[in-house]
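Q: After the structure tokens below, expect a handful of questions from me.
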Amino acid sequence: NLPKIVIGDLKGVSNIVFRLPADIDMHEELTASLVGTALAQPDRYTLEALIKKARKNPAIRKAGAI
């Protein structure tokens, strides 16, 4: 159940961290606020992200998935 940013009147969605009306006028301040909200969320990892992280570590010689 990942955090979500919702634009418009979307029903049946849980874990919403930011909701915007559909007719919103995007501007620099709002964009900065959305980016800040996204960056403030706890880290979530996909298998691909974990493999990339492992590949960057020189102590790990092989990384992949079956």
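Q: Go through the range 1-55 and count every residue that is part of a loop (DSSP other than H, G, I, E, B) and among the small types (Gly, Ala, Ser). I'd like the intermediate steps shown before the answer.
A: Going through the range 1-55, the residues part of a loop (DSSP other than H, G, I, E, B) turn out to be 1-3, 8-15, 21-27, 41-46.
Add one more test, that the residue is among the small types (Gly, Ala, Ser), and what stays is 8, 12, 14, 22.
Result for the range 1-55: 4.
Q: Would you call Thr46 polar (S, T, N, Q), free of Cβ contacts under 8 Å to residues at least 60 places away in the same chain and in contact with a Phe, Trp or Tyr (Cβ under 8 Å, 6 or more places away or on another chain)?
A: No: the conditions fail for Thr46.
Q: A further question on this structure: So how many residues does the range 14-50 have that are among the β-branched types (Val, Ile, Thr) and either exposed (fewer than 10 other Cβ atoms within 10 Å of the Cβ) or at pLDDT below 80 (or both)?
A: Here is the first cut: in the range 14-50, the residues among the β-branched types (Val, Ile, Thr) are 16-17, 24, 31, 35, 37, 46.
Next cut, either exposed (fewer than 10 other Cβ atoms within 10 Å of the Cβ) or at pLDDT below 80 (or both) only: 46.
Adding up the residues that qualify gives 1.
The values are calculated or read from the model by the stated rules, or taken from the named source; none is laboratory data. Computed from a predicted structure; not experimentally measured. Cβ coordinates were reconstructed from backbone atoms using ideal geometry, including for glycine residues, and neighbour counts include every protein chain displayed.
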